[in-house]
1. Any chance you could count how many residues in segment 1-22 are at pLDDT below 85 and farther than 20 Å from G140 by Cβ?
2. Of the numbered conditions (1) surrounded by 12 or more Cβ atoms within 10 Å (Cβ to Cβ); (2) at pLDDT below 85; (3) farther than 28 Å from K149 by Cα, V35 fails exactly one; give the number of that condition.
3. Go through segment 158-181 and give me each residue that's closer than 30 Å to H77 by Cβ and in contact with a Pro (Cβ under 9 Å, 6 or more places away or on another chain).
4. Search segment 179-203 for residues being among the β-branched types (V, I, T) and touching a residue at least 60 places away in the same chain (Cβ under 8 Å), and hand back the single one that is surrounded by the fewest Cβ atoms within 10 Å (Cβ to Cβ).
5. Filter segment 111-151 down to residues that are farther than 13 Å from P86 by Cβ and in a helix (DSSP H, G or I), then give me how many there are.
6. Pick from segment 158-173 the residues that are surrounded by fewer than 19 Cβ atoms within 10 Å (Cβ to Cβ) and part of a helix (DSSP H, G or I): which of them is farthest from the chain's Cα centre (by Cα)?
7. Go through (1) surrounded by fewer than 17 Cβ atoms within 10 Å (Cβ to Cβ); (2) in a helix (DSSP H, G or I) one by one and return the number of the condition T176 breaks.
Amino acid sequence: MKKWECTVCGYIHEGEEPPDECPVCSADKSMFVEVVEKAGPETAATPEMTDPPQTAAPQTAMAKLYTTASALILKHHLHPIMVHTPNGIVPMALIFLLITAFLDQPLFETAALYSFVFVFLSMPLVLFTGYEVWQKRYRGAMTSIFKIKIGASAVTVLLLLALIIWRAVQPDIVTTPSTGRWVFLALALILVGAVGAAGHMGGKLVFGSRKN
C-alpha cells in the first residue's frame, strides 16, 4: 500500500492515490508526495566537486531576535496558548452584556468592556504567533481552512475595535433600552461567532476530520 504525505501539514494517507483534498488542512491533491521507504542501509555517496558554499551575511540584532522568537513560538506552541484568550474571554463578555441588558446589572457591562479591551490588546500577539505557525509549519498555504481563519481573525479585530469605540462614545449603549443596544449585542454575538470559527478551524488542523 502506497503512502502519501501532505506537504502542507504532514498528514499521511494510505492508498494507491492521494486524496482529492487533505482532511486536515484542505490542501488539494497536488500538494501530496509519495513517501518512499528505504529498503536498506544507505551507501555512502561519493563526494562531488562543488563550488564552496556561499557565506551568509551576518544577521542583525533584530533579525536574530525575530529568529529566536519564531523558534520559541513553534517549540512551545505559543499560538494555541494565546488563542485561548479570545476563545475564552469573548463569550464570557457576551454573557456579561446579556446579564446587563436583561437583569439590569450595570457592573457586568463594565466587566464586559474591560474584557473586550484586554482581548483587543492581546490580539497582536495572537496574530503574530498565528502568522509564524502558518508560515513556518504550514508554508503559508492558502487553502480554504486558512482563508477562513484569516478572515475570522480580521473580523474579530474589527469588531473588537468597533465595540470598544462605540462604548467609549456612548457609555450607556447597553444599560439604556434602545435599538442601538440590540445592534451592539448583535455585533457582540457576531464577534463570538468569528472567534469560534477561527478556533474551530484551528482544531481541524490539530485533530483533523475525526468521525468519533
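The values are calculated or read from the model by the stated rules, or taken from the named source; none is laboratory data. Keep in mind that this is a model prediction, so the values were computed, not measured. Glycine also receives a Cβ, built like all others from the backbone with ideal geometry; neighbour counts cover every protein chain displayed.
1. 1
2. Result: V35 passes all but (2).
3. Of everything in segment 158-181, just one residue is closer than 30 Å to H77 by Cβ and in contact with a Pro (Cβ under 9 Å, 6 or more places away or on another chain), namely L160.
4. Of everything passing the filter in segment 179-203, V192 is surrounded by the fewest Cβ atoms within 10 Å (Cβ to Cβ).
5. Qualifying residue count, segment 111-151: 18.
6. V169
7. That leaves (2) as the condition not met.
For every residue, the table says whether it meets (1) over 30 Å from A71 (Cβ atoms); (2) modelled with pLDDT of 95 or more; (3) in contact with a Phe, Trp or Tyr (Cβ under 8 Å, 6 or more places away or on another chain).
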| position | (1), (2), (3) |
| --- | --- |
| L127 | no, yes, no |
| L161 | yes, yes, yes |
| T179 | yes, yes, no |
| V206 | no, no, no |
| N212 | yes, no, no |
